[in-house]
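K.L.:
The structure under discussion is supplied below as structure tokens; questions concerning it will follow.
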Amino acid sequence: MFTGIVEELGEVTSLIDGGGDSAVIAVRGPLVTSDARHGDSISVNGVCLTVIDNENGVFTADVMGETLRRSSLGALKVGSQVNLERASLAGSRLGGHLVQGHVDGVGRLESREPAGEWEVLRFSLPAENQKYVVEKGSITVDGVSLTVMAVDDESFSVGLIPTTLKMTVLGSKAVGDPVNLEVDVIAKYVEKMLGARNV
């Protein structure tokens, strides 16, 4: 479980293709690897990955085909920057919202509009995710916990403060770039419970 508060920008140092159905990714992240052990979870652009090795500030993780197909990790290259966050500790402050690191869909950056020192970014929203996204609700974009400013049937907008622009990959995203989206898990549980009562 994560909070969507990015701890550092990492860099992909190696990608080994396992033949289309898997890959091994190596990421440099001195902060998140400082106490990482084999089996620990680290969020990479919003995708929960399991550490298989950690040496000299670089951790490696296996990425299965399902993850490559359902997230934007398959588009990463050596040198790509990525958002990194270690799994939350029980009893720690929840600075963002409950984030599982399970991608619900891939959107694309549709536009960026400067608004003084901050920016408004609009992302496409897959049809199957639309019902879970509400104005002033929470959404995770590439592992960043954000508040929805506006939403319609095809897109949603968020406002990014200077710190988010500087400390996450969202500050350098170009129009058309893919992003991993995770909707608020509470909305999905509410839907399931209400659906069961209406049967």
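The values are calculated or read from the model by the stated rules, or taken from the named source; none is laboratory data. For clarity, every value in this text was computed on a predicted model and none was experimentally measured. Methodologically, a virtual Cβ is constructed for each residue, glycine included, from the backbone with ideal geometry; neighbour enumeration extends over all protein chains shown. Areas reflect the complete protein model, heavy atoms only, side chains present, ligands, DNA and RNA absent. Shrake-Rupley method; radii C 1.70, N 1.55, O 1.52, S 1.80 Å.
K.L.:
Do we have residue 49 as within 18 Å of residue 89 (Cα to Cα), open to solvent by 50 Å² or more (accessible area, probe 1.4 Å) and either at pLDDT 95 or above or part of a strand (DSSP E or B) (or both) here?
P.N.:
Answer is no for this residue.
K.L.:
Which one of 32, 63 is under 17 Å from the mean Cα position of the chain (by Cα), in a loop (DSSP other than H, G, I, E, B) and within 25 Å of residue 145 (Cβ to Cβ)?
P.N.:
Going through 32, 63 in turn, the sole match is 32.
K.L.:
Would you check if residue 96 is crowded, with 17+ Cβ neighbours inside 10 Å, within 25 Å of residue 176 (Cα to Cα) and under 15 Å from the mean Cα position of the chain (by Cα)?
P.N.:
Spelling it out, it is not the case that residue 96 is crowded, with 17+ Cβ neighbours inside 10 Å, within 25 Å of residue 176 (Cα to Cα) and under 15 Å from the mean Cα position of the chain (by Cα).
K.L.:
Only residues in the range 5-21 that are under 18 Å from residue 141 (Cα atoms) and open to solvent by 50 Å² or more (accessible area, probe 1.4 Å) count as the first member; pair them with residues that are of a type outside the set (Ser, Thr, Tyr) and at pLDDT below 85, Cβ under 7 angstrom, at least 6 apart or cross-chain, and list the lot.
P.N.:
Here the result reads 5/95; 5/96, each pair linking the range 5-21 to a residue that is of a type outside the set (Ser, Thr, Tyr) and at pLDDT below 85.
K.L.:
Which one is nearest to residue 32 (Cα to Cα), of the residues in the range 52-93 that are open to solvent by 60 Å² or more (accessible area, probe 1.4 Å) and β-branched (Val, Ile, Thr)?
P.N.:
52
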